[in-house]
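The values are calculated or read from the model by the stated rules, or taken from the named source; none is laboratory data. Note that the structure is predicted; figures quoted are calculated from it, not measured. Cβ sites come from the backbone with ideal geometry, for glycine too, and all protein chains shown count toward neighbours.
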Amino acid sequence: MTDSDNHGYSRRTFLSGAALIGAGLVSGRVQAASIPEAAFMTEAATQPPLAPTSGPDYNPVVTLNGWTLPTRMKGQWKEFHLVAEPVVREIAPGMVAHLWGYNGQSPGPTLEAVEGDFVRIFVTNRLPEHTTVHWHGQLLPSGMDGVGGLTQPHIPPGRTFVYEFQLQKSGTFMYHPHADEMVQMAMGMMGFFVVHPKDPAFRRVDRDFVFLLNSYDIEPGAYVPKVNTMTDFNLWTWNSRAFPGIDPLVCGLGDKVRVRFGNLTMTNHPIHMHGYDFKVSCTDGGWVPEAAAWPEVTIDCAVGQMRAFDFVADRPGDWAIHCHKSHHTMNAMGHDVRTWIGTDRNSVTEKMQALVPDYMSMGASGMAEMGEMEMPLPDNTLPMMTGWGPFGAIEMGGMFSVVKVREGLGRDDYSDPGWFEHPEGTVSYEWSGESLNVDRADAPTIDGNTVEVQVVKPSAAGMNH
Ligand SMILES: [Cu+2]
């Protein structure tokens, strides 16, 4: 039995009837007779893009460490079913967080549709408190805007609400609660919403990556975010993942590539990509006309904004992409630690170790050693900086990933190709020729003494944990 049989008239009749009454929104309620099954995702791995099965062709997006929600057509309506619920999200291998999200993950699944589509979105609330969903950036009837108390009653726990509207334009959007917003967003409730152009050729790219910038404050060893934190978060994430848990952005050589992101944290993020310049092509307000798209290598994304940039992946390599705030490429750390650079702490360390065998002094020559050492950490905690590359410790965390541009990839191949094999003679190398005296007669002094920089590297023999 088809859906239209349920209602005793054919889909064709319904479509022409809807055309007669205009938008078809009135008859929408009659059609919403059954709730589509909700799909759930249990994995944090990037899922293959979901190609359209009806309507105009489009190039589906790839949600980093996420997925796209399957839809059901019912007459002219494209139906989605979001379930707001507590979820367990792996932030990176070695750490999971107890968050709130949608359909098994935080962020929720990406919603994809086409300009002109009539969308009907069922939202079931399985949270312990009420919620709503706001469709950030969409042009829609005021009563579908999802602001609890202002445009609709809140959705109580255990109940389902329906949102119906026609997508007025293509572009880059997101969704998030507008109910107990500070708590619900601090707990991870958000998702991406991409509306593809009706014309499949319009601003088309070969690979289209999306992610949300989010942040959490989870004490080392804990599982639930502190929801009252205003700015001093300790986990800076893309799609609720921190490096090295963020999948690479895999691109075929010569592909047209788009990277889209939205910011639902409490501060701005200058997103910087190495190896290329790119054009800012889309904001949350719509497409930037091609002639006006300005070139950048870093694009700042303010709170509540969305940005997309385009480039042609014509330079093979492993290219870093990251937030340029250096604290946002760190995992959990204390921010009130003293600076010890340039000090000699050896005598203090010896005395301290006599009292506290585990005492360790670090930082006298910088903090790079933190990226190399294996310090005991509380359970369920990520190291402050971590990750190994082909040349050693990458010394990053948080909002960091790698754009991997390779020759000869299959069109839909997003699997990690491994590390880049650099052509001979193209990697920075150590000078092995004639040495130069780098000592300076005018080296800086403190109280008349030359500043001595002691290099203290942790090792099994030389340093106690
Ligand atoms: Cu940042």
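Couple of notes before you dig in:
- Enumeration of residues in segment 306-329 that are touching a residue at least 40 places away in the same chain (Cβ under 8 Å), on the phi < 0 side of the Ramachandran plot and surrounded by fewer than 21 Cβ atoms within 10 Å (Cβ to Cβ): ASP310, VAL312, ASP314, ARG315, PRO316, ASP318, TRP319, ALA320, HIS324, LYS325, HIS327
- The single condition among (1) within 29 Å of GLY410 (Cβ to Cβ); (2) touching a residue at least 40 places away in the same chain (Cβ under 8 Å); (3) surrounded by fewer than 16 Cβ atoms within 10 Å (Cβ to Cβ) that GLY252 does not meet is (3).
- Close contacts from segment 378-398, counting a first residue that is small (Gly, Ala, Ser) and a second that is more than 16 Å from the ligand (Cβ to nearest atom) and at pLDDT 85 or above, with Cβ to Cβ under 6 Å and a gap of 6+ residues or different chains, come to GLY387/PRO244; GLY387/ILE394.
- First in segment 276-301 and within 17 Å of LEU264 (Cα to Cα), second anywhere and basic (Lys, Arg), Cβ under 9 Å, 6 or more apart: THR283/ARG307; ASP284/ARG307; ILE299/ARG307; ASP300/ARG307; CYS301/ARG307
- In the set (1) surrounded by 11 or more Cβ atoms within 10 Å (Cβ to Cβ); (2) of a type outside the set (A, V, I, L, M, F, W, C); (3) more than 16 Å from the ligand (Cβ to nearest atom), the condition left unmet by TYR429 is number (1).
- The lone exception for ALA368 - which of (1) in contact with an Asp or Glu (Cβ under 8 Å, 6 or more places away or on another chain); (2) at pLDDT 70 or above it fails: (2)
- Residues that are under 24 Å from GLN47 (Cα atoms) and more than 17 Å from the chain's Cα centre (by Cα) within segment 230-256 comprise CYS251, GLY252, LEU253, GLY254, ASP255, LYS256, listed in sequence order.
- Of the residues making up segment 152-164, none is over 27 Å from GLU37 (Cβ atoms) and either among the hydrophobic types (A, V, I, L, M, F, W, C) or under 18 Å from the mean Cα position of the chain (by Cα) (or both).
- From the options PRO225, PRO220, PRO244, residue that is away from the ligand (no atom under 16 Å from the Cβ) and touching a Gly at 6+ places or on another chain (Cβ under 6 Å): PRO244
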